[in-house]
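Just so it is clear, none of the values below were taken in a lab; they were calculated from the coordinates. Computed from a predicted structure; not experimentally measured. Glycine also receives a Cβ, built like all others from the backbone with ideal geometry; neighbour counts cover every protein chain displayed.
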Amino acid sequence: MAEDSAENEDILDGLRREPRYRVLGQLGEGSLGRVDRVYDAHLGRVVAAKTLHEKHLGETNALRSFVNEARILGRLDQAAIIPIFDAGLTPDGRPAYTMREISGRSLAQLLQMDQRSANVRPLSLERTLKIITLLCEALGHAHERGIVHLDLKPQNVIVLPYDEVMLVDWGAATVYDEDRFSESLGPELFDEFGEFDPRLVQSDEFIVGTPRYMSPEQTECARSTLTPASDLFSAGILFYQMLTGRLPFEGESLEELLFHIRETEAPDPRKVAPGVHPRLASLVLEMLAKDPDDRPYDMDAVISELESFRGSAGEFPLRHFARGELIIREGEEAPLSYVLVEGEVEIWSGEGESRRLLGRALAGDTFGELGVLRDGPRSASATALSDVVVREIDRASLLAETERLSPWVLAMLEGVVDRFVDRSERLVELMQSEDD
């Protein structure tokens, strides 16, 4: 028994090691605290630890903000929100909490944002839609649990590999719905532990957030009165910036900027960046409505519209061809296919006397599919029979969609494609032999 007891103590020693957290290096630093890469000696893993700056230790608002962030993160459980592991006090009495370590770039860095003007270099529409959708999903999750973020901006969005995102810095967040916040603890624990913690109520003495991304009500109303509609407006500003490369509201001074946010309508995105699709322009302007009641009902409504837009192929760029203009040329290699939006297109092969009509495409039809389905020269040409509008679909986009399919579905489609290509080539050969 004595031997078993000694062995048991050895097993438990790993959970008693002090210090538990050993700093490996600094990851970042903000006005409120610093984030370090630390080794957790109890669990044998590396995590990130955020610790309040010593200079803020006696400041009530700083303490409230720091503890508020930790407790709010503890109630959130969503893929785009960093999970928190532990919270407590350091040996010198400073509040700290540990969380998952992430590696990525801020959205501001990815967009190459100019610090002075906030102008950015837009990403592809596909990436923009993915990032803004993931952010809306994270904010929607928080709203369901009674929390508003109140500081959405490119610097607070970390972009991970494959364009997954993390929405960080919840220090300005507050609880807008006490019942939702309490109930998020779970019905089985609500009666005993679900009472709202008044220490989470942020002070209304100061306006928090980043002015360029504030909603009209955030610039002048008490924080305790703000609702998810404020986050929705901020998401609209970020979306507008990602679509056009510019902010919807600007000013030479803070007072002028806040005036425009409260009083001036945002310019139509299509006038700032002509390539913006009308449907997206309409959505982003609705998100930027001055009256919260005129904005989309919630984040789910925004996500639904974005998904509907992607399902309509509206994310792909429009291109215009004049009557008689060659759209694709037989023999060329180009990883593009087309969806015909307006007009009529003639499909043909051969030249001169051997020229043969293969068919015609009308609005809603696709053509040039082989250009994205396989490598190699095109087997036919296409010419605009009238003024034509098409959407261009590239191979990378098609591959991105097929990656979502189950392996057996993908294998089946690949087999169908191979047979389609083989039969198309044989048909062209037969038609050419008849001409000979």
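A cut-off of 5 Å between modelled amide H atoms, ignoring neighbours fewer than 5 places along the same chain, links Thr174 with Val148. Here each label is just a point 7 Å from Cα along the line to Cβ, and for Asp114 and Asn61 those points are 3.2 nm apart. Partners of Lys153 within straight-line reach, counting lysines whose Cα lies under 18 Å from its Cα and excluding those fewer than 8 residues away in the same chain: Lys130.
Residue exposure proxy: Ile393, Ile147, ordered by other Cβ atoms within 10 angstrom of their Cβ from fewest to most, comes out as Ile393, Ile147.
In plain terms, the residue of Arg329, Arg395, Arg121 with the fewest other Cβ atoms within 10 Å comes first and the most crowded comes last, giving Arg121, Arg329, Arg395. With neighbours defined as other Cβ atoms within 10 Å of a residue's Cβ, the residues Ser215, Ser5, Ser106 order from fewest to most as Ser5, Ser106, Ser215. The length gained on full extension between Val46 and Leu89, counted as 0.36 nm times the residue separation minus their Cα-Cα distance, comes to 13.6 nm. Put simply, the amide H of Gly33, placed in the peptide plane, has neighbours under 5 Å in His53, leaving out anything fewer than 5 places away on its chain.
Annotation for region 297-349: GluC sites (Glu not before Pro) lying in DSSP loop with at most 12 further Cβ atoms inside 10 Å of their Cβ are Glu325, Glu332, Glu333.
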